[in-house]
Amino acid sequence: MAINLDAALGIHPQTLDFRVERSKMLAGNLANAETPGYKARDLDFKTVMTQINAGMGHDRSYQAAYRVPYQTSGDQNTVELGKEQARYSRNAMDYQTSLTFLNMKISGLKSAIEGQ
Amino acid sequence: MSFGEIYDIAGAGMHAQTIRLNTVASNLANAGAAAETPETAFRALKPVFSTIYKQTQEGQLSGAHVEVSAIVEADAPLDMRYEPNHPYADEQGYVAYSNVNTIDEMADMMAASRSFETNVEVMNRARSMQQGLLQLGSN
């Protein structure tokens with residue numbers, strides 16, 4: 001019986017990759033919080049998941065969408081600092097979660113190999 | 001996965017805010033400076049931020065970096081004070097002082113240092129994310 005590593009690890013490597021890409025995007029929003037005219041962008045988890053579930057696999061071509069701000073600012077910047085920080089923080093926690101799942105999968109495989 | 005670009009973005013943000021703090025420092029230092037003529041008077045310096053997107057591989061999204069594209073002089077009117085006994089006074093007895101608004105500069109300084117801290121936090125968090133990834137499967 002051969003172990004298919006991709007199947008064994010499940011969806012977590014892909015979500016991990018998504019989380020890193022998203023945190024890059026959110027870091028850009030935070031860095032540009034005071035740049036006039038900057039439009040905040042974000043990645044949507046749902047579209048990536050739909051892509052994977054549809055069996056299309058994971059081709060890493062993420063689509064960035066522009067954020068619709070709750071309030072507009074005078075300099076046309078659409079970064080809302082508090083919300084952006086919250087999203088960044090939550091995204092990092094979600095990353096940590098995927099990482100934990102991945103760790104559990106690996107230790108499961110490890111004990112299966114070692115047999116004890 | 002591209003952690004490298006997160007560091008670049010946060011670093012660019014920190015750099016931009018440092019330049020802003022530098023201009024604030026020079027503005028505050030020259031706040032009360034009198035000039036011989038209005039033309040030579042010190043005018044407050046203001047950085048102009050702009051976004052740059054780096055070239056990436058096919059299909060990869062670029063993060064939004066920030067840079068200081070220019071440093072311009074504030075066009076607020078100079079502070080003309082009536083001081084007839086001042087050596088720099090003109091025929092009407094007015095002396096040209098710099099147009100630095102100290103309160104504005106203080107507020108700018110707070111905003112810049114907070115923004116700097118935000119970028120530091122972003123970098124710290126990215127680092128701990130990467131550390132977690134490096135320790136994958138070690139326990």
Between A:Ser73, A:Ser61, A:Ser98, which gets the highest mean-square fluctuation from a Gaussian network model of chain A, Cα cutoff 10 Å?
A:Ser61
Can you pull the three principal axis extents for the Cα set of segment A:5-114, in Å, largest first?
62, 26, 18
Return one number: the angle in degrees, 0 to 90 and rounded to the nearest 10, between the long axis of the Cα atoms of helix B:102-134 and the longest principal axis of the Cα atoms of chain B.
10
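B plus A alone minus the pair: what accessible area, both sides summed, probe 1.4 Å, in Å² to 100?
Working: alone 9320 and 7920 Å², together 14320 Å².
Using a 1.4 Å probe, the pair buries roughly 2900 Å².
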Against the 2.2 N^0.38 Å rule of thumb, the C-alpha Rg of chain B sits at a ratio of 1.55
Residues of segment B:89-136 losing 20 Å² or more of accessible area relative to the isolated chain, 1.4 Å probe, heavy atoms only?
B:Ser115, B:Thr118, B:Asn119, B:Val122, B:Arg125, B:Met129, B:Gly132, B:Leu133, B:Leu136
How far, in nm, would the chain grow between A:Met93 and A:Ala64 when pulled straight, counting 0.36 nm per residue and subtracting the alpha carbon separation?
8.4 nm
Distance between Cα centroids, segment B:41-118 to segment A:1-38: provide it in whole Å.
37
To the nearest 20 Debye, how big is the dipole of chain A about its Cα centre, given +1 on the beta carbon of each Lys and Arg and -1 on that of each Asp and Glu?
100
Virtual spin-label span in nm between A:Asn53 and A:Lys83, 7 Å along Cα→Cβ
2.5
Computed over chain B: longest principal axis from alpha-carbon atoms vs helix B:3-29 long axis, angle to nearest 10 degrees, is 10
Pick from A:Gln14, A:Gln71, A:Gln96: which residue has the top mean-square fluctuation in a GNM of chain A where Cα pairs under 10 Å get a spring?
A:Gln71
At 1.4 Å probe size, put A:Lys105, B:Lys46 in order of accessible surface, largest to smallest.
A:Lys105, B:Lys46
For A:Lys83, give me every one of the lysines with a C-alpha distance below 21 angstrom, ignoring sequence neighbours fewer than eight places off in its own chain.
A:Lys24, A:Lys39, A:Lys46
Calculate how steeply helix A:81-114 sits against the longest principal axis of the alpha-carbon atoms of chain A, using the helix alpha-carbon long axis, and give the answer as 0 to 90 degrees to the nearest 10.
10
Got a number for carbon plus sulfur as a percent of segment A:5-114's accessible area, 1.4 Å probe?
57
With the 1.4 Å probe rolled over protein heavy atoms, the protein assembly as shown has an accessible area per residue in Å² of 56
From the residues B:Thr37, B:Ile9, B:Ser26, which one has its Cα farthest along the dipole of chain B in the positive direction, the dipole being from +1 and -1 charges on Cβ of Lys/Arg and Asp/Glu about the Cα centre?
B:Ile9
Would you mind telling me which residue in B:Met129, B:Met14, B:Met109 has the biggest mean-square fluctuation in a Gaussian network model of chain B, where springs connect alpha carbons within a distance under 10 angstrom?
B:Met129
With all protein chains present and a 1.4 Å probe, the order of A:Phe101, B:Phe49 from largest accessible area down is A:Phe101, B:Phe49
Could you tell me the calculated FRET efficiency between B:Leu134 and B:Asp75, based on Cβ-Cβ distance and R0 = 51 angstrom, to the nearest 0.05?
0.50
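The values are calculated or read from the model by the stated rules, or taken from the named source; none is laboratory data. Quick caveat: nothing in here was measured; it's all calculated off a predicted structure. For neighbour counting, all protein chains shown are included, and Cβ atoms are generated from backbone atoms with ideal geometry for every residue, glycine included. Side chains included, ligands, DNA and RNA excluded: accessible areas come from the protein's heavy atoms. Shrake-Rupley method; radii C 1.70, N 1.55, O 1.52, S 1.80 Å.
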